[in-house]
Amino acid sequence: MPDSAVLMGMLLAVNLPLHTLLTLEVFPEVWRALVAELLDLGLGAGLLFAALQVRGHPGRWRQTYIALLGMGALFGVVALVYRLLALALGLEPLAALLDLLLLFWSLLVMGHILRQALEIPLLLAILIAVAYTMFLLGLLAQLLLPEAAGQPVFE
């Protein structure tokens, strides 16, 4: 990946509205979807910076962040296309299944990117990707869906 501030800015400009739109399914209010995406972008950038500092590769931050943003943009476009098709064809359950498959695929790709950047084993990188995703989802639920986060799952 090239180390380009312009490319990073362009990818941020694509990811923010695209993922805000996709997140409206979970957070129906636009402000909540926007805050969720801003938290994801900011927290992801910060934790990536910290991890690269710890591993002694601070110079890889922009390139790695660009790779993750590019992955997010690509997967976001794919998700938008199949969700629109599923909606038009009345196949919303299929879209939910594809969302799950895309989530697993994105965790594997994120793991691969982290493996290369941090120079760690692939399994550890995938575990980091899973841990980050779980942490982010929990944080977003606590901050943006407090009524749901405080409810027991089984009643």
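If I filter the stretch 43-57 for residues that are assigned to a loop (DSSP other than H, G, I, E, B), surrounded by fewer than 18 Cβ atoms within 10 Å (Cβ to Cβ) and at pLDDT below 95, do I get at least one hit? Steps first, please.
First, pick out the residues of the stretch 43-57 that are assigned to a loop (DSSP other than H, G, I, E, B): 55-57.
So of that shortlist, the ones also surrounded by fewer than 18 Cβ atoms within 10 Å (Cβ to Cβ) come out as 55-57.
Checking the rest, the ones that are also at pLDDT below 95 come to none.
Looking through the stretch 43-57, none of the residues is assigned to a loop (DSSP other than H, G, I, E, B), surrounded by fewer than 18 Cβ atoms within 10 Å (Cβ to Cβ) and at pLDDT below 95.
Quickly run through the stretch 1-24 and pick out the residues that are at pLDDT 95 or above and of a type in the set (Val, Ile, Thr).
Val6, Val14, Thr20
List every residue pair whose Cβ atoms lie under 7 Å apart, where the two residues are 6 or more positions apart in sequence or sit on different chains, the first residue falls within the stretch 94-113 and is among the acidic types (Asp, Glu), and the second residue, located anywhere, is modelled with pLDDT of 95 or more and assigned to a helix (DSSP H, G or I).
Listed by first residue and then by second, the contacts come to Asp99/Ala79.
Taking the stretch 2-18, which residues are open to solvent by 60 Å² or more (accessible area, probe 1.4 Å) and within 17 Å of Arg62 (Cβ to Cβ)? Before you say what the answer is, go through the steps one by one.
So in the stretch 2-18, the residues open to solvent by 60 Å² or more (accessible area, probe 1.4 Å) come out as 2-3, 6, 10, 13-14, 17.
Correct list: Pro2, Asp3, Val6, Met10, Ala13, Val14.
Here's the yes/no breakdown for (1) surrounded by 18 or more Cβ atoms within 10 Å (Cβ to Cβ); (2) outside any helix (DSSP H, G or I):
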{"residue": "Pro28", "(1), (2)": "no, yes"}
{"residue": "Arg60", "(1), (2)": "yes, no"}
{"residue": "Ile66", "(1), (2)": "yes, no"}
{"residue": "Leu74", "(1), (2)": "no, no"}
{"residue": "Ala79", "(1), (2)": "yes, no"}
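Do the conditions hold for Ala96, that is, is it touching a Leu at 6+ places or on another chain (Cβ under 6 Å), surrounded by 12 or more Cβ atoms within 10 Å (Cβ to Cβ) and more than 27 Å from Met10 (Cβ to Cβ)? Lay out the reasoning, then the answer.
Details: touching a Leu at 6+ places or on another chain (Cβ under 6 Å): no; surrounded by 12 or more Cβ atoms within 10 Å (Cβ to Cβ): yes; more than 27 Å from Met10 (Cβ to Cβ): yes.
The answer is no for Ala96.
Please go through the stretch 111-132 and give me each residue that is farther than 15 Å from Tyr65 by Cβ and open to solvent by less than 30 Å² (accessible area, probe 1.4 Å), ordered by number.
Gly111, Ile120, Ala125
Could you check Leu21 against (1) within 24 Å of Ile126 (Cβ to Cβ); (2) surrounded by 13 or more Cβ atoms within 10 Å (Cβ to Cβ) and say which number it fails?
Among (1) within 24 Å of Ile126 (Cβ to Cβ); (2) surrounded by 13 or more Cβ atoms within 10 Å (Cβ to Cβ), the lone unmet condition for Leu21 is (1).
Evaluate the following for Leu123: is it of a type outside the set (Lys, Arg), in a helix (DSSP H, G or I) and either under 23 Å from Glu37 (Cα atoms) or touching a residue at least 24 places away in the same chain (Cβ under 8 Å) (or both)? First the steps, then the outcome.
Numbers: of a type outside the set (Lys, Arg): yes; in a helix (DSSP H, G or I): yes; either under 23 Å from Glu37 (Cα atoms) or touching a residue at least 24 places away in the same chain (Cβ under 8 Å) (or both): no.
Considered against the rule, which asks whether it is of a type outside the set (Lys, Arg), in a helix (DSSP H, G or I) and either under 23 Å from Glu37 (Cα atoms) or touching a residue at least 24 places away in the same chain (Cβ under 8 Å) (or both), Leu123 comes out as no.
The values are calculated or read from the model by the stated rules, or taken from the named source; none is laboratory data. Given the structure is predicted, the values throughout are model-derived calculations rather than measurements. Cβ: placed from backbone, ideal geometry, glycine included. Neighbour counts: every protein chain shown. For accessibility, only protein heavy atoms count, side chains too; no ligands or nucleic acids. Shrake-Rupley method; radii C 1.70, N 1.55, O 1.52, S 1.80 Å.
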